[in-house]
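The values are calculated or read from the model by the stated rules, or taken from the named source; none is laboratory data. Remember, predicted model here, so these are calculated numbers, not experimental data. Methodologically, a virtual Cβ is constructed for each residue, glycine included, from the backbone with ideal geometry; neighbour enumeration extends over all protein chains shown. Ligands, DNA and RNA are excluded from the accessible area calculation, which covers all protein heavy atoms including side chains. Shrake-Rupley method; radii C 1.70, N 1.55, O 1.52, S 1.80 Å.
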Amino acid sequence: MGDEEPQDTCEQAFRESRWFTRGWTLQELLAPASVQFFSKEGELLGDKQSLEQRIHEITEIPILALRGSALFQYTAEQKFGWAKSRQTTREEDWAYSLLGIFDIFMPLIYGEGREKAVIRLKKEINDASKGKSW
């Protein structure tokens, strides 16, 4: 049992990492082809590919999306779902952190709050989808 404790502790720490709860790290997880994960002590835990099943279980992001499949294949509802439990320091940053995932450009208006930022984001997504064949 003593040999299992460090592994269990490491696994628990990985699952509870702020990496999976911060708003801005969602795009940092999806965009690069390679992401490496390290413990607080600097020990390599693995990379996005070797940990993809665990990352999928933690984030509910489909493995194909983690592997780099085109994000336009996923619905807005799915993408919002990937972000549902993520937190940001500024409430409107929750919406702003999704701009790249939706391939949307819109002005950032700090102080507008999360609700208004999400409304504007959804409008931009809706407007953009009207002009695209997907």
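Residue separation of Q87 and Q36 scaled by 0.36 nm, minus their Cα-Cα distance, works out to 16.2 nm of gained length.
Only sites in a loop by DSSP and with at most 10 other Cβ atoms within 10 Å count here; which trypsin sites (Lys or Arg not before Pro) in region 63-118 make the cut? Loop-located and lightly packed - K84. When shorter helices are ignored and each DSSP H run of at least 4 residues is given -39500 (n - 2.57), the per-residue value for the chain at 222 nm works out to -13000 deg cm²/dmol.
Taking the Cα atoms only, what angle lies between the long axis of helix 113-130 and the longest principal axis of the chain, rounded to 10 degrees? For 113-130 against the chain, the angle is about 70 degrees. Note on E77 and D103: the extension gain reaches 7.9 nm, defined as 0.36 nm multiplied by sequence separation minus the Cα-Cα distance.
For region 1-76, the C-alpha radius of gyration sits at 1.18 times the compact-globule guess of 2.2 N^0.38 Å, with N the residue count. In degrees, nearest 10, range 0 to 90: what is the angle between the Cα axis of helix 4-15 and the longest Cα principal axis of the chain? So the helix axis and the longest Cα principal axis differ by about 10 degrees. Which loop chymotrypsin sites (Phe, Trp or Tyr not before Pro) in region 20-112, with loop taken from DSSP, have no more than 11 other Cβ atoms within 10 angstrom of their Cβ? Those that pass, being in a loop and sparsely packed, are F105, Y110. Specify the residue with the greatest mean-square fluctuation among A33, A65, A95, computed from a Gaussian network of the chain linking alpha-carbon atoms under 10 Å apart. Fluctuation is largest for A33. Taking the three principal axes of the alpha carbon atoms in region 1-131, the coordinate ranges are 56, 31, 20 Å, sorted in descending order.
How do E91, E112 stack up against each other in accessible area, from largest to smallest, with a 1.4 angstrom probe? Walk me through the intermediate numbers first.
Details: E91 115, E112 35 Å².
Heavy-atom accessible area, descending, gives E91, E112.
Taking all protein chains in place and a 1.4 Å probe, what share, in percent, of the accessible surface of the chain do carbon and sulfur account for? Please list the in-between numbers first.
Details: 4420 of 8720 Å².
That share works out to 51 percent.
For region 64-134, what is the accessible area per residue in Å², given a 1.4 Å probe and the full set of protein chains?
Details: 4460 Å² over 71 residues.
Counting only protein heavy atoms, the per-residue value for region 64-134 is 63 Å².
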